[in-house]
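> Dropping a structure here in structure tokens format, bear with me for questions.
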Amino acid sequence: MAIEIKSPREIDAMRVVSAMAAETLLLVGEKLRAGMSTDDINTIVHEDTIRRGARPSPLNYRGFPKSVCTSVNDVVCHGIPGAQILRDGDIVNVDVTSFYGGFHGDTSATFYIGTPSVQAKKVTEIARVALELGIAEVKEGARLGDIGAAIQEYVEAQGCSVVRDFVGHGIGRKFHEDPQVKHYGKRGTGERLRAGMVFTIEPMVNLGRFEVVVDEKDDWTVTTVDGSLSAQFEHTLVVTKTGHEVLTRRAQPLRGSENIASSAVLV
Ligand code: MF3
Ligand code: CO
Ligand code: CO
């Protein structure tokens with residue numbers, strides 16, 4: 001399938017829903033505490049999304065039972081919120097997708113609960129930088145492979161690995177559209193980027209091996225095959241003539257993630 005070019009009006013609508021998802025993620029950072037369950041995160045995201053007049057895209061998407069994905073420690077992605085209690089030292093990725101005005105906006109971040117281990121901090125900070133390096137490649141005329149290469153080169157140079165089985169994606173009136181945005185690959189390969197394309201970049205970085213397994217019981221939860229920690233960050237962005245616009249860019253730092261150097265902990 002061809003990659004859609006969104007019109008300026010469509011991009012305006014995507015700016016609105018993407019800002020909503022970004023705001024909801026900021027609220028999660030404000031509220032996250034050790035002792036909360038992942039279901040508590042689901043409640044926060046669900047209620048804030050509805051309060052904005054939006055819908056949580058994950059709910060009932062291909063049978064997904066909750067309004068947000070919460071992926072703790074060795075869970076790579078698609079963790080289902082439930083009774084699990086967040087404890088000091090855990091890392092949790094919260095992946096918020098909102099639907100409003102006919103369009104989806106998708107963004108995630110990994111948060112620190114309490115004081116992270118050296119290993120948890122390493123994999124999380126590498127994933128954070130990997131997303132920004134991928135975003136920096138995006139401009140009209142660049143190739144999809146440039147994004148993947150920039151991410152893979154950095155992550156592997158740090159001794160971590162890039163998950164292959166899950167990728168970024170076009171986004172718009174549908175949650176997942178073309179193209180697939182791989183977080184690995186070769187420069188100068190893949191589709192050429194054109195102004196008006198809207199997609200996510202969402203590298204999943206493992207401390208150990210890149211291979212993952214999907215839980216046989218729930219058919220959703222993805223974990224690292226070697227039990228190593230995994231972290232992820234995601235933004236929705238639009239390609240422009242001169243570069244890009246990150247539609248899910250936050251107005252403030254995320255508490256419990258981007259303020260780690262200063263205040264360090266969520267207690
Ligand atoms: N938000 C995820 C992504 O970034 C997709 C989650 S699908 C769900 O693409 F069904 F698990 F919500
Ligand atoms: Co997402
Ligand atoms: Co996504």
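> Round to the nearest 0.05 the FRET efficiency obtained for residue 189 and residue 240 when R0 = 35 Å and r is the Cβ-Cβ distance.
Result of the calculation: an efficiency of 0.95.
> Moving on. Please work out the ratio of the alpha-carbon Rg of the stretch 147-267 to 2.2 N^0.38 Å and round it to two decimals.
Ratio of Rg to 2.2 N^0.38 Å for the stretch 147-267: 1.18.
> While we're here: Got a number for carbon plus sulfur as a percent of the chain's accessible area, 1.4 Å probe?
Ligands and nucleic acids excluded, carbon and sulfur give 51 percent.
> Add +1 for every Lys or Arg and -1 for every Asp or Glu among the other residues with Cβ under 15 Å from the Cβ of residue 160, and state the total.
Computed value for this residue: -1.
> In Å, what Rg and Dmax follow from the Cα atoms of the stretch 36-141?
Gyration radius and largest Cα-Cα distance of the stretch 36-141: 15.1, 47 Å.
> Report the percentage of all Cα-Cα pairs in the chain whose separation exceeds 30 Å, rounded to a whole percent. Before the final figure, lay out the partial values.
Values: 7538 of 35511 pairs.
That fraction is 21 percent.
> Same structure, new question: Given a 1.4 angstrom probe, what's the average accessible area per residue across the chain, in square angstrom?
On a per-residue basis, the chain sits at 42 Å².
> A further question follows. Take the Cβ-Cβ distance between residue 216 and residue 7 as r, set R0 to 51 Å, and report the resulting FRET efficiency rounded to the nearest 0.05.
0.75
> Then there's this: Among residues other than residue 72 whose Cβ falls under 11 Å from its Cβ, what is the net charge (Lys/Arg +1, Asp/Glu -1)?
-1
> Could you tell me the calculated FRET efficiency between residue 87 and residue 175, based on Cβ-Cβ distance and R0 = 35 angstrom, to the nearest 0.05?
In this case the efficiency is close to 0.65.
The values are calculated or read from the model by the stated rules, or taken from the named source; none is laboratory data. None of the values given here were measured: they were computed from a predicted structure. Cβ coordinates were reconstructed from backbone atoms using ideal geometry, including for glycine residues, and neighbour counts include every protein chain displayed. Note: areas computed on protein heavy atoms with side chains; ligands, DNA, RNA excluded. Shrake-Rupley method; radii C 1.70, N 1.55, O 1.52, S 1.80 Å.
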